[in-house]
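Visitor: Got a structure for you, written out below as structure tokens; questions coming shortly.
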Amino acid sequence: MCIFDKPGCSIQSIQIFENAVSSIQMALGDFASPEKERAISAVRNMHAGILLLFKAKLSAFSPADSNDVLIKKNIRPQKTPEGKILFVGYGKKTVDVADIQERFKSLGIPTDWKRFQKINDARNDVEHHFTTLHPDAIKGMISDTFMIIRDFITDQLMADPREELGDAAWGTLLSVSEVFEKERKECKERMESIDWESSALSEAICDLTCLDCGSPLLSPAGAGRDHGVTCRSCGKLEPFESFAERALLQNLGGQNHVAVQDGGEEVLITCPFCFQEGYVVEEKCCALCGESCHHTCDMCSNEIPVCELSDGRLCGYCSHVLSKDD
């Protein structure tokens, strides 16, 4: 039984779900239009539709008389006449992506956040970077949404996605996804055939999109990594040093931020040899130039902290002691 058909489900939950379906249907209508301007609207509407699906689930999970507490940005404790403490939502602001991720985690609601991040990035790209959007970039976004929408409506909302979205919208989602995923698979297989000389770089490149048009259909330009990559959508050739550094920053930059916030050490640093953001600490090697730092101090034999890694052989303390002796 669909969660919105269960006794006690609020009208608000049903309305949010209906708005989600409308946004997704509008996105597919925008995508099918020959008007280029509507491509950006397709991305915005699809992104909004998926967020509304997530909020519909949280709304349905919210206790009765809590003013949809799980989708409200602000929460207040409230005492009932019987003396019980309840948490209720207040204000008009609703949860953002980070809030939804946190609440899904706490409630044990699974979804494909890695795939959603691609959709989120596509939305940000059309807002801030790309003045024109290649059709393949839109197809990639729609293909990613197909997986999320299908699984979330089926597994979390206990509904039939084809029935809820309608035959026309569901048919478009399905056909675009099948064709595009075949092309994406071919590109991925070609990328995996290259020796990238770094596991971190090999993994990071899988999620890279074209710098010019945003399409994920990137393919090696030659038999080796130094030949660069070519976009099968717009034809742009990007040299190795550019796309490799960009891929690492995109894939490991977030881990750097979390590590520093938690008092840990960075996982990706500026290489002291080539001065690019390519030194992968775990691999003890720069994924771009191949050079390695000394991770153990020659003088005290202690491990050199990540923040002190350099083209030298000493830790910061020993280097300082030697400089004073001079």
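Visitor: Before we move on, is Ala122 within 25 Å of Glu18 (Cα to Cα), surrounded by 17 or more Cβ atoms within 10 Å (Cβ to Cβ), of a type in the set (Gly, Ala, Ser) and at pLDDT 90 or above?
Guide: Judged against the criteria, Ala122 is not a match.
Visitor: When segment 15-45 is examined, which residues are found to be more than 21 Å from Ile71 (Cβ to Cβ), surrounded by 17 or more Cβ atoms within 10 Å (Cβ to Cβ) and among the hydroxyl-bearing types (Ser, Thr, Tyr)?
Guide: Ser41
Visitor: Within segment 283-319, can you find the residues that are without any contact (Cβ under 8 Å) to a residue 24 or more places away in the chain, within 30 Å of Arg225 (Cβ to Cβ) and in a loop (DSSP other than H, G, I, E, B)?
Guide: Within segment 283-319, Lys284, Cys289, Glu291, Ser292, Cys293, His294, His295, Ile304, Gly312, Arg313 meet the criteria.
Visitor: Checking Gly83 against (1) on the phi > 0 side of the Ramachandran plot; (2) of a type outside the set (Phe, Trp, Tyr); (3) surrounded by 12 or more Cβ atoms within 10 Å (Cβ to Cβ), which test does it fail?
Guide: (3)
Visitor: If you take the residues of segment 47-76 that are charged (D, E, K, R) and assigned to a helix (DSSP H, G or I), which of them is surrounded by the fewest Cβ atoms within 10 Å (Cβ to Cβ)?
Guide: Lys55
Visitor: Separate question: Taking Phe275 and the conditions (1) over 20 Å from the mean Cα position of the chain (by Cα); (2) of a type in the set (Phe, Trp, Tyr); (3) at pLDDT below 95, which numbered condition does it fall short on, given that it satisfies the others?
Guide: Only one criterion is unmet by Phe275, namely (3).
Visitor: Let me ask you something else. Sort through Gly222, Gly214, Gly235 and tell me the only one that's outside the structural domain of Ile40 (by TED's automatic domain parsing), outside any helix (DSSP H, G or I), free of Cβ contacts under 8 Å to residues at least 12 places away in the same chain and within 23 Å of Asp125 (Cα to Cα).
Guide: None of the other options fit; the residue is Gly235.
Visitor: Please specify each residue of segment 76-102 satisfying the condition of being among the charged types (D, E, K, R) and out of contact with any Phe, Trp or Tyr (no Cβ under 9 Å at 6 or more places or on another chain).
Guide: Passing the criteria: Lys79, Glu82, Lys84, Lys92, Lys93, Asp96, Asp99, Glu102.
Visitor: How about segment 21-61: which of its residues are in contact (Cβ under 8 Å) with a residue 40 or more places away in the chain and among the charged types (D, E, K, R)?
Guide: Lys36, Arg44, Lys55, Lys57 - these are the residues of segment 21-61 that are in contact (Cβ under 8 Å) with a residue 40 or more places away in the chain and among the charged types (D, E, K, R).
Visitor: How many residues are in contact (Cβ under 8 Å) with a residue 12 or more places away in the chain and assigned to a helix (DSSP H, G or I) when one looks only at segment 244-276?
Guide: So the count comes out to 12.
Visitor: Continuing with this model, one more query. How many of the residues making up segment 170-206 are part of a loop (DSSP other than H, G, I, E, B) and charged (D, E, K, R)?
Guide: Adding up the residues that qualify gives 2.
The values are calculated or read from the model by the stated rules, or taken from the named source; none is laboratory data. Because the structure is a prediction, the values reported are computed rather than measured. Using ideal geometry, Cβ is built from the backbone for each residue, glycine included, and neighbour counts are taken over all protein chains shown.
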